[in-house]
Amino acid sequence: MLQIKQLVAGYGSIKALKSIDLSVPAGAIVSLIGANGAGKTTAMKTVMGLVRPSAGRILFEDREITGWSVHEVVRQGISLVPEGRSILAQMTVLENLEMGAYLRKDQAVGSDLAKVFARFPILEERQQQLGGTLSGGQQQMLAIGRALMARPKLLLLDEPSMGLAPLIVADIFRVIQEISNDGTTILLVEQNVRQALKIAHYAYVMEIGRIVLEGSAAEVSANPKVMEAYLGGR
Ligand code: ATP
């Protein structure tokens, strides 16, 4: 579904991506792991059109989307849940969700809202509350709900479990699994490598701008370097 080919991108003289190749097949959960600053967020931002690549190609459903604007990328079927959630604290839960659908031309927003509320009953209960009054876990659910309002075929999740208590982290991973079961393809960036590899089919490991390892989630989990660096040894 998504193919990234020899992608190079960065910020001025900083080359955050030094030619990466990565594929996400339709229906899969693919996880991208690596230390802080490895370039994971940059990879997602470049797919979304938030960072312009200086070389390489991005294909979505066999169509080249390299250099497309964010709204064109979203219209094509890709949504990002950014790191740090970035929900609008001064807007209500409902308004935040409606923002997620603003690019949609069709009239099915109501039924998507119903779906999001069915998945996250707490958001329905709190729909008139300001986003900023929600707990961290609820804000993350809202950020995911907002992304789903654009009806993505591919959902990019950047550190969805960051800063959340263990019980809430489990909820987030359950929700990701459910979204996948419903047919949405997922690219997941996570610091919580153990949990990410449990739900992923395939994984890539990044180090300072390059992919240094890839394989099935089972292969990557069994890799001694991954065990040592990300899984706390054996
Ligand atoms: P993290 O988990 O900390 O977000 P990451 O793997 O997602 O790490 P990136 O955020 O993609 O890494 O950062 C890759 C490199 O690009 C780092 O060296 C970082 O300092 C640099 N970088 C990221 N964003 C910017 C920016 N807006 N301006 C300049 N440099 C940046």
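Here's the yes/no breakdown for (1) within 15 Å of the ligand (Cβ to nearest atom); (2) in contact with a Cys (Cβ under 7 Å, 6 or more places away or on another chain); (3) more than 20 Å from THR41 (Cα to Cα); (4) open to solvent by less than 70 Å² (accessible area, probe 1.4 Å):
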{"position": "ASP182", "(1), (2), (3), (4)": "no, no, yes, no"}
{"position": "LEU187", "(1), (2), (3), (4)": "yes, no, no, yes"}
{"position": "VAL193", "(1), (2), (3), (4)": "yes, no, no, yes"}
{"position": "LEU197", "(1), (2), (3), (4)": "no, no, no, yes"}
{"position": "VAL205", "(1), (2), (3), (4)": "yes, no, no, yes"}
{"position": "GLY209", "(1), (2), (3), (4)": "yes, no, no, yes"}
{"position": "VAL212", "(1), (2), (3), (4)": "yes, no, no, no"}
{"position": "SER216", "(1), (2), (3), (4)": "no, no, yes, yes"}
{"position": "SER221", "(1), (2), (3), (4)": "no, no, yes, yes"}
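Considering only region 44-97, how many residues are assigned to a helix (DSSP H, G or I) and either more than 22 Å from PHE117 (Cβ to Cβ) or β-branched (Val, Ile, Thr) (or both)? Let's see the steps before the verdict.
So the first thing to find is which residues in region 44-97 are assigned to a helix (DSSP H, G or I), and the list is 44-48, 70-76, 93-97.
This time we only want the ones that are either more than 22 Å from PHE117 (Cβ to Cβ) or β-branched (Val, Ile, Thr) (or both), so: 44-48, 70-76, 93.
Counting residues in region 44-97 that are assigned to a helix (DSSP H, G or I) and either more than 22 Å from PHE117 (Cβ to Cβ) or β-branched (Val, Ile, Thr) (or both) gives 13.
Is region 14-24 home to any residue that is modelled with pLDDT under 95, open to solvent by 40 Å² or more (accessible area, probe 1.4 Å) and outside any loop (DSSP other than H, G, I, E, B)? Lay out the reasoning, then the answer.
Residues of region 14-24 modelled with pLDDT under 95: 14-15.
Next, only the ones that are open to solvent by 40 Å² or more (accessible area, probe 1.4 Å) stay: 14-15.
In the following step, the residues that additionally are outside any loop (DSSP other than H, G, I, E, B) were identified as 14-15.
Yes; the residues of region 14-24 include at least one that is modelled with pLDDT under 95, open to solvent by 40 Å² or more (accessible area, probe 1.4 Å) and outside any loop (DSSP other than H, G, I, E, B).
Name the pairs whose Cβ atoms lie under 6 Å apart, with the first residue in region 12-29 and within 16 Å of VAL189 (Cα to Cα), the second open to solvent by 80 Å² or more (accessible area, probe 1.4 Å) and more than 10 Å from the ligand (Cβ to nearest atom), and 6 or more positions between them or separate chains?
Taking only residues 6 or more apart or on different chains, the pairs are ALA28/HIS201; ILE29/HIS201.
What are the residues in region 27-64 that are out of contact with any Lys or Arg (no Cβ under 9 Å at 6 or more places or on another chain), hydrophobic (A, V, I, L, M, F, W, C), away from the ligand (no atom under 16 Å from the Cβ) and closer than 15 Å to PRO152 by Cα, if any? Don't jump to the end; show me each part of the working.
First pass over region 27-64, keeping only residues out of contact with any Lys or Arg (no Cβ under 9 Å at 6 or more places or on another chain): 27-31, 35-37, 40-45, 47-50, 52-53, 55, 62-63.
Those left that are additionally hydrophobic (A, V, I, L, M, F, W, C): 28-30, 35, 43-44, 47-48, 50, 55.
Add one more test, that the residue is away from the ligand (no atom under 16 Å from the Cβ), and what stays is 28-29, 55.
Of everything in region 27-64, those that are out of contact with any Lys or Arg (no Cβ under 9 Å at 6 or more places or on another chain), hydrophobic (A, V, I, L, M, F, W, C), away from the ligand (no atom under 16 Å from the Cβ) and closer than 15 Å to PRO152 by Cα turn out to be ALA28, ILE29.
Taking the criterion of being touching a residue at least 60 places away in the same chain (Cβ under 8 Å) and more than 30 Å from LEU97 (Cα to Cα), would at least one residue in region 38-45 satisfy it? Explain how you work it out, then say what you get.
Start the filter on region 38-45 by keeping residues that are touching a residue at least 60 places away in the same chain (Cβ under 8 Å), which leaves 38-41, 43-44.
Those still in the list that are more than 30 Å from LEU97 (Cα to Cα) too: 38.
Yes, that holds for at least one residue.
Return yes when GLU178 is touching a helix residue (DSSP H, G or I) at 6+ places or on another chain (Cβ under 9 Å), surrounded by 17 or more Cβ atoms within 10 Å (Cβ to Cβ) and charged (D, E, K, R) and no when it is not.
Values: touching a helix residue (DSSP H, G or I) at 6+ places or on another chain (Cβ under 9 Å): yes; surrounded by 17 or more Cβ atoms within 10 Å (Cβ to Cβ): no; charged (D, E, K, R): yes.
Answer is no for this residue.
So which of ALA101, ALA165, ALA114, ALA170 is over 20 Å from the mean Cα position of the chain (by Cα), surrounded by fewer than 21 Cβ atoms within 10 Å (Cβ to Cβ) and small (Gly, Ala, Ser)?
Sole residue among the options that is over 20 Å from the mean Cα position of the chain (by Cα), surrounded by fewer than 21 Cβ atoms within 10 Å (Cβ to Cβ) and small (Gly, Ala, Ser): ALA114.
Would you be able to say whether some residue in region 70-90 is farther than 26 Å from GLN138 by Cβ, touching a residue at least 12 places away in the same chain (Cβ under 8 Å), within 15 Å of the ligand (Cβ to nearest atom) and surrounded by fewer than 15 Cβ atoms within 10 Å (Cβ to Cβ)?
Of the residues in region 70-90, the ones farther than 26 Å from GLN138 by Cβ are 71-73, 75-77.
Still in the running and touching a residue at least 12 places away in the same chain (Cβ under 8 Å): 71-73, 75-77.
With within 15 Å of the ligand (Cβ to nearest atom) added as a condition, the list becomes none.
No, because not a single residue in region 70-90 is farther than 26 Å from GLN138 by Cβ, touching a residue at least 12 places away in the same chain (Cβ under 8 Å), within 15 Å of the ligand (Cβ to nearest atom) and surrounded by fewer than 15 Cβ atoms within 10 Å (Cβ to Cβ).
The values are calculated or read from the model by the stated rules, or taken from the named source; none is laboratory data. Everything quoted here is computed from the prediction, not taken from an experiment. Quick reminder, even Gly has a Cβ in these numbers, built from the backbone with ideal geometry, and neighbours come from all protein chains shown. Only protein heavy atoms, including side chains, enter the accessible area calculation; ligands, DNA and RNA are left aside. Shrake-Rupley method; radii C 1.70, N 1.55, O 1.52, S 1.80 Å.
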